[in-house]
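Throughout, read-outs are computed from the coordinates displayed, never taken from laboratory work. Since the structure is predicted, the reported quantities are computational estimates derived from the model, not experimental observations. Note that we place each Cβ from the backbone using ideal geometry, even for glycine, and neighbour counts take in every protein chain shown.
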Amino acid sequence: MAFKRGLRKFAGQADGPWAMFGDFNCVLSATERVGGNIANAEIEPFRSCIEDCEVVNIQATGSLFTWNNKQRPVDRIYSRIDRFMVNKAWSDHFPELYANFLPEGMMDHTPCLICSSSQVHKPKSFKYYNVWGASKDFVPLIKRCWSYTIQGTPIFRVTKKLKLLKPALKDLNREKFSDIENATAIKQSRVAEL
């Protein structure tokens with residue numbers, strides 16, 4: 001209660017952009033929790049405080065649920081309780097910022113990065129080439145990358161293994177099939193000339 005009173009007081013006196021980030025230990029709607037029971041009495045005080053302070057969540061990517069109780073799968077509870085919230089002046093001043101909630105790790109809360117969309121450098125898209133399967137190194141490379149022990153949820157482990165596999169396949173492409181895209185384009189242009 002004292003925190004909410006203090007927050008309302010601060011919001012009423014703040015002039016200019018301001019933000020708050022952290023574990024609010026509350027959800028704003030029933031859709032922000034999976035597993036466990038939730039009552040409107042748990043949601044309403046936090047929602048009312050947020051409305052009084054005139055703040056909103058900034059755009060978020062990544063994990064929807066930012067906390068889980070780390071129990072067995074049948075008893076697991078997922079909630080969205082970590083937030084980066086801003087007033088209108090902040091969102092007008094920093095419209096390119098967004099929160100990226102990373103995959104669940106060993107802790108009960110997911111890590112979060114505050115990023116700027118104006119600085120996003122999109123990586124070159126990954127392309128699979130059928131010719132890789134012809135290499136004697138292809139299957140052992142897949143087995144090696146897939147044999148690493150990764151801790152975390154099943155989807156986190158799969159994602160991490162795919163991320164390990166991508167640079168290994170790029171190396172295979174560079175060593176065995178270097179510059180196949182350009183070589184194909186050159187051969188196609190030669191055929192067109194005939």
Given labels modelled 7 Å from the Cα in the Cβ direction, how far is it in nm from residue 131 to residue 46? 5.4
Set 88/160; 136/160; 4/88 screened for pairs whose C-alpha atoms are more than 26 Å apart: 88/160
Using every alpha carbon pair in segment 63-152, what percent of pairs falls into each 5 Å bin from 0 up to the bin containing the largest distance? 2, 10, 12, 13, 12, 13, 12, 12, 7, 3, 2, 0
Which aspartates and glutamates have a Cα lying under 15 Å from the Cα of residue 176, excluding residues fewer than 8 positions away in the same chain? 137
Ordered by residue, what ³J(HN,Hα) values in Hz, to whole numbers, does segment 50-57 give under the Karplus form 6.51 cos²θ - 1.76 cosθ + 1.60, where θ = phi - 60° and Gly and Pro are x? 4, 5, 4, 7, 6, 10, 9, 5
Past the 18 angstrom mark, what percentage of all C-alpha to C-alpha distances in segment 38-99 do you count? 52
At a 10 angstrom cut-off on C-beta neighbours, averaged per residue, how do the peptides 92-104, 164-176 rank from highest to lowest? 92-104, 164-176
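What net charge do the residues around residue 150 carry, taking every other residue with its C-beta under 11 Å from that of residue 150, with Lys and Arg at +1 and Asp and Glu at -1?
Here the count lands on +4.
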Integer Hz, Karplus 6.51/-1.76/1.60 couplings in order for segment 60-68, x for Gly and Pro: 10, 10, x, 5, 6, 8, 9, 8, 8
Counting only DSSP beta bridges with both residues in segment 2-119, what percent are antiparallel, rounded to the nearest 5? 85
Let me know the volume per residue of the alpha-carbon convex hull for the chain, in Å³. 175
